[in-house]
Amino acid sequence: MLARITSIHVFQADYRMQHGDYAKDLGDVGEIAAAIGWQPGADDPAGYSIAAGKNSEPSYQVTATHPNGDVVCLVLPQRHQCE
């Protein structure tokens with residue numbers, strides 16, 4: 001899931017160049033795909049969401065939740081775990 005989360009940043013960087021900020025408040029893969037064009041691989045059962053970052057730097061949080069209960073959350077582009 002970590003590699004898939006970090007792959008989102010390429011799409012977010014493009015979105016930011018076009019719109020002046022990162023896409024945020026995207027609650028599922030469908031919303032993410034519609035906003036920035038990113039989709040997980042067909043073999044990836046995890047759910048993904050993007051929220052606003054919680055620091056003063058331009059950032060966003062990506063949370064991935066696997067059906068087995070594993071959850072990974074990263075703040076990007078800084079690439080550190082969510083608090």
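The values are calculated or read from the model by the stated rules, or taken from the named source; none is laboratory data. All values reported here derive from a predicted model rather than from experimental measurement. With ideal geometry, Cβ positions are generated from the backbone for all residues, glycine too; neighbour counts draw on all protein chains shown.
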Only residues that are more than 13 Å from residue 60 (Cα to Cα), at pLDDT 95 or above and charged (D, E, K, R): list them for the range 5-43, please.
14, 28, 31
Consider the range 41-51. How many of its residues are small (Gly, Ala, Ser) and surrounded by fewer than 14 Cβ atoms within 10 Å (Cβ to Cβ)?
2
The residue that is surrounded by the fewest Cβ atoms within 10 Å (Cβ to Cβ), considering only those in the range 53-83 that are more than 17 Å from residue 9 (Cα to Cα) and in contact (Cβ under 8 Å) with a residue 60 or more places away in the chain, is 70
Within the range 25-52, count every residue that is under 11 Å from the mean Cα position of the chain (by Cα), over 12 Å from residue 8 (Cβ atoms) and in contact (Cβ under 8 Å) with a residue 24 or more places away in the chain.
3
Unmet requirement for residue 38, which otherwise passes all of (1) part of a strand (DSSP E or B); (2) surrounded by 18 or more Cβ atoms within 10 Å (Cβ to Cβ); (3) in contact with a helix residue (DSSP H, G or I) (Cβ under 7 Å, 6 or more places away or on another chain)
(1)
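Looking only at the range 46-66, filter to residues that are in a loop (DSSP other than H, G, I, E, B) and under 14 Å from residue 81 (Cα atoms); which one of those is modelled with the lowest pLDDT? Walk me through it before giving the result.
Looking only at the range 46-66, we keep the residues that are in a loop (DSSP other than H, G, I, E, B), and these are 46, 53-59, 66.
From the residues that got through so far, the ones that are under 14 Å from residue 81 (Cα atoms) too are 53-55, 59.
On the way: 53: 89, 54: 83, 55: 75, 59: 94.
So the residue we want is 55.
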